Amino acid sequence: MQMIRVVDSIACSEASLECDPWIPLKVTWEPRPVETPLYLRISGSNGGEVEVKVDPTTGMLVQVVVIEEPRQVSGTGPLPTEPKTQQHSPVIERTPWGLGHGSDALTHSVSVVSAVEDIGFVRTADHIELVFVDQKPARYVRCGNVAVAVSDQGGMAAIRALL
């Protein structure tokens, strides 16, 4: 079951990319939350470790860090040119942490949850991509050089950062 469900998008000021020999991919969306973020730790069913951070108040995706590179897979293909959502970050459903979509409550039952997903990684000359293998991209939420692919069912399908 897909743990990361995109329920909306929210304006963001920028998305920055970092990658080096120790951290294959780190994307941070601004502004960062004032409160301590909610954490989702994803272990790849075929290798790889990813940490996802979500604003507990808004549900905004604020950071994705690939800690251990998943297996290499084929990418999601070329990004369509239209429609585009510019300068937005996905809003993640917060039920895994004990909060519902639209909930204003800052009290959540847990702040860290774990999941196992079939994830893969793509590295080309012009982009890096974290792929959720069982999800097919249907639409994209973009901020700067980062696009988050979302499936028809609302699952996060990929995160692509242009180099």
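Where Rh is the Kirkwood radius over the Cα pairs of the chain, the temperature 10 °C and the viscosity 1.306 mPa s, what D in µm²/s does Stokes-Einstein return? Estimated diffusion coefficient is 102 µm²/s.
A 1.4 Å probe run over the protein chains yields, for the chain, 46 Å² of accessible area per residue, whole-number rounding. For region 130-143, 3J(HN,Hα) computed residue by residue from phi via the Karplus equation (6.51, -1.76, 1.60; θ = phi - 60°) reads 9, 10, 9, 4, 7, 10, 9, x, 10, 8, 10, 10, 10, 8 Hz, glycine and proline entered as x.
Net charge around ARG32, counting only other residues with Cβ within less than 13 Å of its Cβ (Lys, Arg = +1; Asp, Glu = -1)? Present the calculation step by step, with values, prior to reporting the outcome.
On the way: positive: LYS53; negative: GLU14, GLU30, GLU35, ASP55.
Surrounding charge for ARG32 is -3.
P(r) tail for region 1-60: Cα pairs beyond 17 Å make up 49% of the total.
Here the accessible area is traced with a 1.4 Å probe on the protein chains. For the chain, carbon and sulfur cover 51 percent of it. Summing charges over neighbours of TRP97, with a neighbour being any other residue whose Cβ is under 13 Å away from its Cβ, gives +1 when K and R count +1 and D and E count -1. Annotation: amide H-H contacts under 5 Å for SER9 (H modelled 1.01 Å from N, sequence separation of 5 or more, or interchain): VAL91. Among residues other than ASP118 with Cβ under 10 Å from its Cβ, the summed charge is -1 (Lys and Arg +1, Asp and Glu -1).
At a threshold of 8 angstrom on Cα-Cα distance, excluding pairs fewer than six apart, so keeping six or more, what relative contact order does the chain reach in percent?
Values: 425 pairs, mean separation 41.2, N = 163.
Relative contact order comes out at 25 percent.
The values are calculated or read from the model by the stated rules, or taken from the named source; none is laboratory data. Source: prediction; values computed, not measured. Virtual Cβ from ideal backbone geometry, glycine too; neighbours counted across all protein chains shown. These accessible areas exclude ligands, DNA and RNA; they are computed on the full protein's heavy atoms, side chains included. Shrake-Rupley method; radii C 1.70, N 1.55, O 1.52, S 1.80 Å.
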